[in-house]
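K.L.:
I'd like to ask you about the structure that follows.
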Amino acid sequence: MFALLKKPVRRTSRPLETVKRTLNVGDRAMPLTIKENSRATRITLRIEPGGRALNLTVPIGLKKYEIDDFLARHEGWLSAKLSKFSTENPIRPGGEISIRGVIHHIEHTGSLRGITEAIVVDGRPVLKVSGLEGHIGRRISTFLKKEARRDLETLARRHAASVRKPITSVSMKDTRSRWGSCSWDGNLSFSWRIVMAPPLVIDYLAAHEVAHLKEMNHGPKFWALCKQLCPRMEEARRWLKLHGSQLHALDFS
């Protein structure tokens, strides 16, 4: 995120504007959404998780040339941040994908029928995918969702039993802003992309959301309970901070 302090907000009764455009950053064409905010007193630029798009929040009535000037002056900063994300999509035949922290070679079977399965061939982890080649991304994401549900339901219910709190439901989503959530009535939601992370990180996410069944906040009691459920919590959090955005960057469409 990058921000620049601006002049106080100018009050107006006109509707707030949202503008969508494309911003060229080096050799990348990035979708850019510009939103006016009545409470904004500065320009705020954020890169969406995975480096797929940009969001710019601006004070009401900011001139276009002011926005363009801000973007031009911070092109170098953007280029440096976006360089962490590869422009090549590995979700293809011959590509690679991590499943529970283990790199698997993607192999298209060429058969229109068959299941997607992770196996070991001659000592090498392989993800075999059938169906039309154009549907490989969709079939892989479906496989990952099933694997994520299996892992997270098991882990979450195990942790919930240890804190003696019931779980109403467990669902898988493809959220960008958070890895999981817990509602007051015991509904847990997880990003299925976490199944690409090492088992320690998957367990931490399950423990994190289960801890919210007792502590609906991020206070000291919550973090103490979270560490009790997942003693290697700090290690898992560091992994997510360093590598989590890479999981969001993968395009399965």
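K.L.:
If I build a Gaussian network model for the chain, linking alpha-carbon pairs within less than 10 angstrom, which residue out of Val195, Val170, Val120 has the largest mean-square fluctuation?
P.N.:
Val120
K.L.:
Enumerate the calculated ³J(HN,Hα) couplings along the range 54-64 in order (Karplus 6.51 cos²θ - 1.76 cosθ + 1.60, θ = phi - 60°), each rounded to whole Hz, writing x wherever the residue is Gly or Pro.
P.N.:
Along the range 54-64, the couplings run 10, 10, 10, 9, 10, x, 4, x, 5, 6, 4 Hz.
K.L.:
When the helices in the chain are scored as -39500 (n - 2.57) per DSSP H run of 4 or longer and the sum is shared across all residues, what 222 nm value do you end up with, to the nearest 500 deg cm²/dmol?
P.N.:
When only DSSP H runs of four or more count, the value is -11000 deg cm²/dmol.
K.L.:
Right, another one. Compute the long axis of helix 233-249 from its Cα atoms, compare it with the longest principal axis of the Cα atoms of the chain, and write down the angle in degrees, 0 to 90, nearest 10.
P.N.:
Relative to the chain, helix 233-249 is tipped by roughly 70 degrees.
K.L.:
Report the chymotrypsin sites (Phe, Trp or Tyr not before Pro) located in the range 156-239 that are in a DSSP loop and have at most 10 other Cβ atoms inside 10 Å of their Cβ, or state none.
P.N.:
Of the chymotrypsin sites (Phe, Trp or Tyr not before Pro), the ones in loops of the range 156-239 whose Cβ has at most 10 other Cβ atoms within 10 Å are Trp184.
K.L.:
So, one more: I need the shape label for the chain. Rule: rounded when a/c is under 1.5, else prolate if a/b > b/c, else oblate, with a, b, c from the alpha carbon gyration tensor.
P.N.:
It comes out oblate by the Cα gyration axes.
K.L.:
Helix 220-229 against the longest principal axis of the chain: what's the angle in degrees, Cα atoms only, rounded to the nearest 10?
P.N.:
30 degrees
K.L.:
Give the residues of the range 127-157 whose amide nitrogen is closer than 20 Å to a point set 7 Å from the Cα of Val121 in the direction of its Cβ.
P.N.:
127-144
K.L.:
Would you please classify the overall shape of the range 43-184 from the alpha carbon gyration tensor, given that a ≥ b ≥ c denote the square roots of the eigenvalues, rounded means a/c under 1.5, and beyond that prolate means a/b larger than b/c while oblate covers the rest?
P.N.:
oblate
K.L.:
Going Cα to Cα from Lys146, which lysines come in below 30 Å? Please leave out same-chain ones fewer than 8 positions away.
P.N.:
Lys84, Lys128, Lys165, Lys173, Lys214, Lys227, Lys241
K.L.:
Out of residues 5 or more away from Val126 or on other chains, whose amide H comes under 5 Å of its own, with H placed 1.01 Å from N in the peptide plane?
P.N.:
Under 5 Å from the amide H of Val126 lie the amide H atoms of His105, Ile119, Val120, Val121, each far enough along the sequence or on another chain.
K.L.:
Rounded to the nearest Å, what's the spacing between the alpha carbon centres of the range 233-253 and the range 28-100? Just the number, please.
P.N.:
About 18 Å separates the Cα centre of the range 233-253 from the one of the range 28-100.
K.L.:
If amide hydrogens are placed 1.01 Å from N in the peptide plane, which non-local residues have theirs closer than 5 Å to the one on Ile43?
P.N.:
Leu4, Lys6
K.L.:
To the nearest 10 degrees, how steep is helix 199-211 against the longest Cα principal axis of the chain, on a 0 to 90 scale?
P.N.:
Its long axis makes an angle of about 70 degrees.
K.L.:
Would you pull out the residues with amide H under 5 Å of Ser98's amide H, same chain only if 5 or more places away, H placed 1.01 Å from N?
P.N.:
His104
A short reminder: the numbers here are calculations on the coordinates, not readings from a lab. Being a predicted model, the structure only gives us computed values, none of them experimental. Because the Cβ atoms are built from the backbone with ideal geometry, glycine has one as well, and the counts that use them run over all protein chains shown.
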